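**Student:** One structure coming up, written as C-alpha cells, with questions to follow.
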Amino acid sequence: MKSPEEFLSDKGFAVAADIDRNLLLNAFIDEMERGLRGEKSSLKMIPAYLGVEGRVPGGSAAVVLDAGGTNFRSGIVRIGRNDATPEIEDKQMLPMPGSTAAVDEETFYQAFANEIQRLKPAGALPVGWCFSYPADATPELDARLVAWTKGIRAPGVVGKAVGSELAKRAGVDRIAVVNDTVATLLAAKAMEGEKCYSSYIGFILGTGTNVAYVEKNANIHKLSGLEPRGSMIINAESGAFNKIEQSAFDAAADARTDNAGAQRFEKMIAGAYLGDIVLEIYKSAAKAGYFSADVAAAIRGLGTLSTRHASEFCAASNSGDNPLYSIFTGFEDIKMANRLGVPVFERAAVLSAVHLAAFALKSGGGTDAGAPIAINADGSTFYRTQAVPFADVVRRELDEMLTKRRNVHFEIMPQIKDAPMIGAGIAAMLRG
Ligand code: BGC
C-alpha cells in the first residue's frame, strides 16, 4: 500500500513541500494586473475609494455594524485622544440573518436597522458597516452586493446597494460600507503609533478569506480621473482566485457547497471548508483501506466535519464534543488520521503565505528594512487553528519568499482585537 502522502498526491493534493510557490505567486500577480485593468480575472480588485492618508481626530465615535459569516456584531467605536486604543462600547452579538435559514430582504435589513435604533440614542454619530462579502464599492462608500459567500441565504439583497437600502429603513442619512479586509487595513493604520510602515495589508482568514492592500492610483487602469501620484485601498476578493488546481478532495467538498465552483482559493484555506476537505480525505482513504474496518464504517456515516473538530483532533486536543474521538480509537488509526489530516492545515498556511507575499510584492513597499509592510491579520482560522502553528508557518514562509529571496521587509502586527469593527468605525468617521 502507498504511503498516506503518496495517496494524497495521487489524488492531486499538493502537500506543503510540493507547492510551487513562484508559479503561484506569479499567477496571483497576473490576475491582480488583469483585474486592475478591468479585464476578465478571477480577482475582482475592487477599488475602496479610501486611502491611508486620512487621520481620525481623537475623541471621534461611530455606530458600527459588523456582518460576518455566522454572527453579526454591533456597538459604538470610540477613538480616544493621544493614540489610545479605540474602545468598543455597548457591544452585542446576534446571529447573522440568512446564516441558518433563508430570509427575505425586509427581514435581513430589519435585523441591522434594529441595532442602529438601539445604538442611535448615543447621539448623532456616523454609521459604519463592515460588510464581509464581495460587493462593488462606490465613491460614496456604499456597496452593491455581487453574490453571497459563506452560505448566507438572502437572495433579495443581491445586486443592491446595501448601505442606502439599510439607511432608508433605519432612518439615517447614510452608512459607510467597507469590506472587512479594508476595515482591518484601516485599523492597522490607526494603530501604528510611532512605527513607520511603507504599506499596509489587511488579511482575513476566518470562515472566509480575503486581502486588501494599497495600490498606486497609476496602476488602477480601470478607473479614470484618479490623482496619478495618489494611492487607494483595493479589496482584492482573493478568495475567488481560481488559477490553482483543486485536488479530488477539494472538488468533492466544493460540490457540496451552495456556491459550487466559486471561491476556489477560499475553499482551500478558510474555516468554512477545511473540516470538510479532511472528511473527504478520510472517506476516500477509508475506501482505499487505510483505516480498520470499524473506522471505515463509522467514517462513511459522518455527514459533515467542522474545521474546529478536525484541527483539534489533529492536534490531539479535545474540547469534549469532538465526534472524531469516538470514531478513531486505536493507535494506528489515530496516527493515520493525523498523517492524512495535518497536510490540509499545512497547505492552508503555505497558500495563505504565498498569496500574502504576492500582494506584498504588488504593493511595491518594504524595500527598506526601516519601513516594512504592515500585515494585519484577523480571523479564527488564522489565530485558532491548532493542527499546525499557523501564524508561525505563515511568518516563516513570508520570511523566505519576501525577505530572504527578494529583500522585501514585512511585519505581521500583533493581533488587534475587533479590527474589522474599529476599521469600519474609522471609515465612517473619515467620511463624516
Ligand atoms: C468574502 C470577502 C470577505 C472574506 C473574509 C469572503 O467570503 O467574499 O468579501 O472579505 O470572505 O471575511
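The values are calculated or read from the model by the stated rules, or taken from the named source; none is laboratory data. Remember, predicted model here, so these are calculated numbers, not experimental data. Ideal geometry is used to build each Cβ from the backbone, glycine not excepted, and the neighbour counts take in all protein chains shown. To get the accessible areas, we keep the full protein, side chains included, count just its heavy atoms, and leave off ligands, DNA and RNA. Shrake-Rupley method; radii C 1.70, N 1.55, O 1.52, S 1.80 Å.
**Student:** State whether one or more residues within the range 163-170 are of a type in the set (Ser, Thr, Tyr) and either modelled with pLDDT under 95 or open to solvent by less than 40 Å² (accessible area, probe 1.4 Å) (or both).
**Tutor:** Narrowing the range 163-170 to residues of a type in the set (Ser, Thr, Tyr): 164.
Now drop any that are not either modelled with pLDDT under 95 or open to solvent by less than 40 Å² (accessible area, probe 1.4 Å) (or both), which leaves none.
No: zero hits.
**Student:** Looking at (1) more than 23 Å from Leu185 (Cβ to Cβ); (2) within 16 Å of the ligand (Cβ to nearest atom), can you tell me which one Thr149 breaks?
**Tutor:** With respect to (1) more than 23 Å from Leu185 (Cβ to Cβ); (2) within 16 Å of the ligand (Cβ to nearest atom), Thr149 is out only on (1).
**Student:** Looking at the range 320-409, what helices (runs of 4 or more DSSP H) fall wholly within it and have at least 1 residues that are more than 23 Å from Ala236 (Cα to Cα) and of a type in the set (D, E, K, R)? Reasoning before the result, please.
**Tutor:** Details: elements: 324-327, 331-363, 380-384, 390-398.
The helices (runs of 4 or more DSSP H) meeting that bar are 331-363, 380-384, 390-398.
**Student:** Would you please list the contacts, defined by Cβ atoms under 9 Å and residues six or more apart or on different chains, that run from a residue in the range 178-204 that is closer than 15 Å to Gln415 by Cβ to a residue that is hydroxyl-bearing (Ser, Thr, Tyr) and away from the ligand (no atom under 16 Å from the Cβ)?
**Tutor:** Every condition considered, the pairs that remain are Ala188/Tyr197; Met191/Thr85; Ile201/Ser363.
**Student:** Still on this model: Within the range 138-147, identify whether any single residue is among the β-branched types (Val, Ile, Thr), over 21 Å from Lys267 (Cα atoms), at pLDDT 95 or above and surrounded by 22 or more Cβ atoms within 10 Å (Cβ to Cβ), and answer yes or no.
**Tutor:** Pass one, the range 138-147, residues among the β-branched types (Val, Ile, Thr): 138, 146.
Then drop every residue that is not over 21 Å from Lys267 (Cα atoms), which leaves 138.
Next, only the ones that are at pLDDT 95 or above stay: 138.
Among the residues that remain, those that are also surrounded by 22 or more Cβ atoms within 10 Å (Cβ to Cβ) are: none.
Within the range 138-147, not a single residue is among the β-branched types (Val, Ile, Thr), over 21 Å from Lys267 (Cα atoms), at pLDDT 95 or above and surrounded by 22 or more Cβ atoms within 10 Å (Cβ to Cβ).
**Student:** Can you tell me which residue is surrounded by the fewest Cβ atoms within 10 Å (Cβ to Cβ) among those in the range 411-425 that are in a loop (DSSP other than H, G, I, E, B) and in contact with a Ser or Thr (Cβ under 9 Å, 6 or more places away or on another chain)?
**Tutor:** Lys417
**Student:** Considering (1) within 24 Å of Pro155 (Cβ to Cβ); (2) free of Cβ contacts under 8 Å to residues at least 12 places away in the same chain; (3) of a type in the set (Gly, Ala, Ser), say which one Ala270 fails and leave the rest.
**Tutor:** The single condition Ala270 does not satisfy is (2).
**Student:** Continuing with the same structure: Go through the range 112-206 and tell me which strands (runs of 3 or more DSSP E), entirely inside it, have 3 or more residues that are under 29 Å from Arg256 (Cα atoms). Explain how you work it out, then say what you get.
**Tutor:** On the way: elements: 127-131, 135-137, 143-145, 175-178, 199-205.
So the answer is 143-145, 199-205.
**Student:** To continue, here is another question. Taking the range 66-75 as the region of interest, how many residues are part of a strand (DSSP E or B) and surrounded by fewer than 20 Cβ atoms within 10 Å (Cβ to Cβ)?
**Tutor:** So the count comes out to 1.
**Student:** A follow-up question, please. Does the range 207-238 hold any residues that are in a helix (DSSP H, G or I) and more than 30 Å from Thr85 (Cα to Cα), and which are they? Spell out the reasoning first.
**Tutor:** Keep residues of the range 207-238 that are in a helix (DSSP H, G or I), which gives 217-219, 238.
Answer for the range 207-238, where residues must be in a helix (DSSP H, G or I) and more than 30 Å from Thr85 (Cα to Cα): Asn217, Ala218, Asn219.
**Student:** Go through Asp258, Asp276 for me and flag whichever is within 16 Å of the ligand (Cβ to nearest atom), within 23 Å of the chain's Cα centre (by Cα) and part of a helix (DSSP H, G or I). Give the steps one after another, and end with the answer.
**Tutor:** Details: Asp258 fails: part of a helix (DSSP H, G or I).
Of Asp258, Asp276, the one residue that is within 16 Å of the ligand (Cβ to nearest atom), within 23 Å of the chain's Cα centre (by Cα) and part of a helix (DSSP H, G or I) is Asp276.
**Student:** Report every pair of residues separated by at least 6 positions or lying on different chains whose Cβ atoms are under 7 Å apart, first residue within the range 116-140 and among the hydroxyl-bearing types (Ser, Thr, Tyr), second assigned to a helix (DSSP H, G or I) and within 11 Å of the ligand (Cβ to nearest atom).
**Tutor:** Every condition considered, the pairs that remain are Ser132/Asp180.
**Student:** Please give the number of the condition Phe249 fails out of (1) in a loop (DSSP other than H, G, I, E, B); (2) among the aromatic types (Phe, Trp, Tyr); (3) within 22 Å of Gly151 (Cα to Cα).
**Tutor:** In the conditions (1) in a loop (DSSP other than H, G, I, E, B); (2) among the aromatic types (Phe, Trp, Tyr); (3) within 22 Å of Gly151 (Cα to Cα), Phe249 misses (1) alone.
**Student:** Anything in the range 148-162 that is buried (at least 16 other Cβ atoms within 10 Å of the Cβ) and in contact (Cβ under 8 Å) with a residue 60 or more places away in the chain? List them, or say none.
**Tutor:** Scanning the range 148-162 gives Trp148, Thr149, Lys150, Gly151, Ile152.
**Student:** Looking only at the range 219-249, count how many residues are acidic (Asp, Glu) and within 16 Å of the ligand (Cβ to nearest atom).
**Tutor:** Narrowing the range 219-249 to residues acidic (Asp, Glu): 227, 237, 245.
Narrowing the set further to residues that are within 16 Å of the ligand (Cβ to nearest atom) leaves 237.
Residues in the range 219-249 being acidic (Asp, Glu) and within 16 Å of the ligand (Cβ to nearest atom): 1 in total.
**Student:** Could you go through the range 123-133 and let me know if any residue there is open to solvent by 40 Å² or more (accessible area, probe 1.4 Å), under 30 Å from Gly58 (Cβ atoms) and modelled with pLDDT under 95. Quick ask: steps written out before the conclusion?
**Tutor:** As a first pass, look at the range 123-133 and keep what is open to solvent by 40 Å² or more (accessible area, probe 1.4 Å): 124-125.
Restricting the remaining residues to those that are under 30 Å from Gly58 (Cβ atoms) gives 124-125.
Adding the requirement that they be modelled with pLDDT under 95 leaves 124-125.
Yes - at least one qualifying residue is present in the range 123-133.
**Student:** Name the single residue that is farthest from Ala353 (Cα to Cα) among those in the range 231-252 being more than 17 Å from the chain's Cα centre (by Cα) and open to solvent by less than 10 Å² (accessible area, probe 1.4 Å). Spell out the reasoning first.
**Tutor:** Pass one, the range 231-252, residues more than 17 Å from the chain's Cα centre (by Cα): 231-232, 243-252.
Then keep just the ones that are open to solvent by less than 10 Å² (accessible area, probe 1.4 Å); that gives 247, 249-250.
On the way: Ser247: 19, Phe249: 22, Asp250: 19 Å.
Residue satisfying both the conditions and the ranking: Phe249.
**Student:** Filter the range 288-319 for residues that are under 19 Å from Arg256 (Cβ atoms), outside any helix (DSSP H, G or I) and of a type in the set (S, T, N, Q) and give the result.
**Tutor:** We begin by selecting, within the range 288-319, every residue under 19 Å from Arg256 (Cβ atoms); these are 299-310.
From the residues that got through so far, the ones that are outside any helix (DSSP H, G or I) too are 301-306.
Correct list: Thr304, Ser306.
**Student:** Taking the condition among the hydrophobic types (A, V, I, L, M, F, W, C), open to solvent by 40 Å² or more (accessible area, probe 1.4 Å) and assigned to a helix (DSSP H, G or I), does Ala285 pass?
**Tutor:** In short, no.
**Student:** Which of the residues belonging to the range 316-334 are open to solvent by less than 40 Å² (accessible area, probe 1.4 Å) and among the aliphatic types (A, V, I, L, M)?
**Tutor:** Leu324, Ile327
**Student:** Also, quick follow-up: Please specify each residue of the range 22-65 satisfying the condition of being in a helix (DSSP H, G or I), buried (at least 18 other Cβ atoms within 10 Å of the Cβ) and not hydrophobic (A, V, I, L, M, F, W, C).
**Tutor:** Glu31, Gly35
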